[in-house]
Amino acid sequence: MDLSVKIGGKALPNPVGAASGTIGYGSEYEALVDYRTLGALYTKAITREPREGNPIPRIVETTAGLLNSIGLANVGMERFVTEKWPYLKTLPCPVIGNIAGSDPEEYAEVVSFLEAHTDLWGYEINISCPNVKKGGITIGTDPTTVERLTRTLRDLTTKPLIVKLTPNVTDIAEIARAAEAGGADALSCINTVVGMAIDIRKKRPVIPQKTAGLSGPAIKPIGVAAVYRVRTAVRIPIIGIGGIMEPEDAIEYLLAGATAVQVGTALFVDPRTPSRILKGITSYMAQEGFTSLEDFHRFWPQW
Ligand SMILES: Cc1cc2nc3c(=O)[nH]c(=O)nc-3n(C[C@H](O)[C@H](O)[C@H](O)COP(=O)(O)O)c2cc1C
């Protein structure tokens, strides 16, 4: 059975990756995750300078999901290269750098720096973080900016360039088309959904930033609908993300139009989830008589 996934002229060994921000820089999960079975590791966001992130509490559990407002806390590109890359480059799975910034220049500087000092498999451009004041979501909600930013980064690398979309827009298909027009090789779909939890005794939002990003089972139907819509708008591959806990969740995404998936919040419940999901996809494909992931394409919505 062929489980490889083609993106931008390269191939991922299988369709199940670990989502940015939920697996750190890999070493944190060394004893818990079998990296030989992981389709790809998407790193925590990398910015130009180190960032402390937002004040605590910045994670709170809700009924069917997790609210986070980490605010892109990360070591910055220089320490990523000296402290994190030496470990990451030894992993047997593809490692994709998740890139963030406050403005297009910062994104470009980070990609240029990583091009010069690492051999990452590719880049996932996070234009969709709801938890920072500048950049992030403000970049990801304007089609003209998305197209221009994607084109700038396209000129800096021949490696796979994946643009990560936010669901917090009126028309996600419009943003998807802009990223494709700018030269993106694939789209990650979706980042977290804006949400809030209120402490009824203190009578104020639990998280100091007030709103935060919702992930986990609650957002799966939003993610599946987003992938379905985006599938009708672009021809490049889509990586489905949002609330994937079980193999059936991933299969829904693959039938909606995704070529690959990422598992995020589920890693906090059980770090072995990606390999369990891969096994479940494989047995579903065997039951259905599928011989490659392309067999899913027959069920996709038409352009
Ligand atoms: C604690 C936490 C940190 C995250 N950090 C990032 C990040 O740095 N960059 C990014 O693109 N997405 C980040 N995300 C979003 C996830 O990669 C993913 O898109 C989202 O959580 C939805 O998937 P899930 O429901 O499987 O968790 C983060 C999510 C969580 C829960």
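The values are calculated or read from the model by the stated rules, or taken from the named source; none is laboratory data. These numbers come from a predicted model, not from an experiment. Here Cβ is always computed from backbone atoms with ideal geometry, including for glycine, and neighbour counts include all displayed protein chains. We work out accessible area using only protein heavy atoms, side chains counted, and drop any ligands, DNA or RNA first. Shrake-Rupley method; radii C 1.70, N 1.55, O 1.52, S 1.80 Å.
The table below lists the values:
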item: Test: residue in the stretch 59-79 that is farther than 30 Å from Arg276 by Cβ, open to solvent by 20 Å² or more (accessible area, probe 1.4 Å) and within 11 Å of the ligand (Cβ to nearest atom); result: no
item: Members of the stretch 255-289 that are away from the ligand (no atom under 16 Å from the Cβ) and buried (at least 20 other Cβ atoms within 10 Å of the Cβ); result: Gly257, Thr259, Met285
item: The stretch 290-303: number of residues that are in contact with a strand residue (DSSP E or B) (Cβ under 7 Å, 6 or more places away or on another chain) and surrounded by fewer than 18 Cβ atoms within 10 Å (Cβ to Cβ); result: 2
item: Single match in Lys6, Lys44, Lys89 (criterion: under 19 Å from the mean Cα position of the chain (by Cα) and open to solvent by 60 Å² or more (accessible area, probe 1.4 Å)); result: Lys6
item: Neighbours by Cβ (under 6 Å, 6+ apart or cross-chain): first from the stretch 89-114, within 18 Å of Ala40 (Cβ to Cβ) and touching a residue at least 12 places away in the same chain (Cβ under 8 Å); second hydroxyl-bearing (Ser, Thr, Tyr) and in a helix (DSSP H, G or I); result: Leu91/Tyr35; Pro92/Tyr35; Cys93/Tyr35; Ile99/Tyr107
item: Output for the stretch 96-127, where each listed residue is of a type in the set (D, E, K, R) and crowded, with 24+ Cβ neighbours inside 10 Å; result: Glu124
item: Qualifying residues in the stretch 236-254 (those that are of a type in the set (D, E, K, R) and crowded, with 19+ Cβ neighbours inside 10 Å) - the one nearest to Asn68 (Cα to Cα); result: Asp249
item: Matching entry among Leu38, Leu72 (being farther than 21 Å from Gln209 by Cβ and in contact (Cβ under 8 Å) with a residue 12 or more places away in the chain); result: Leu38
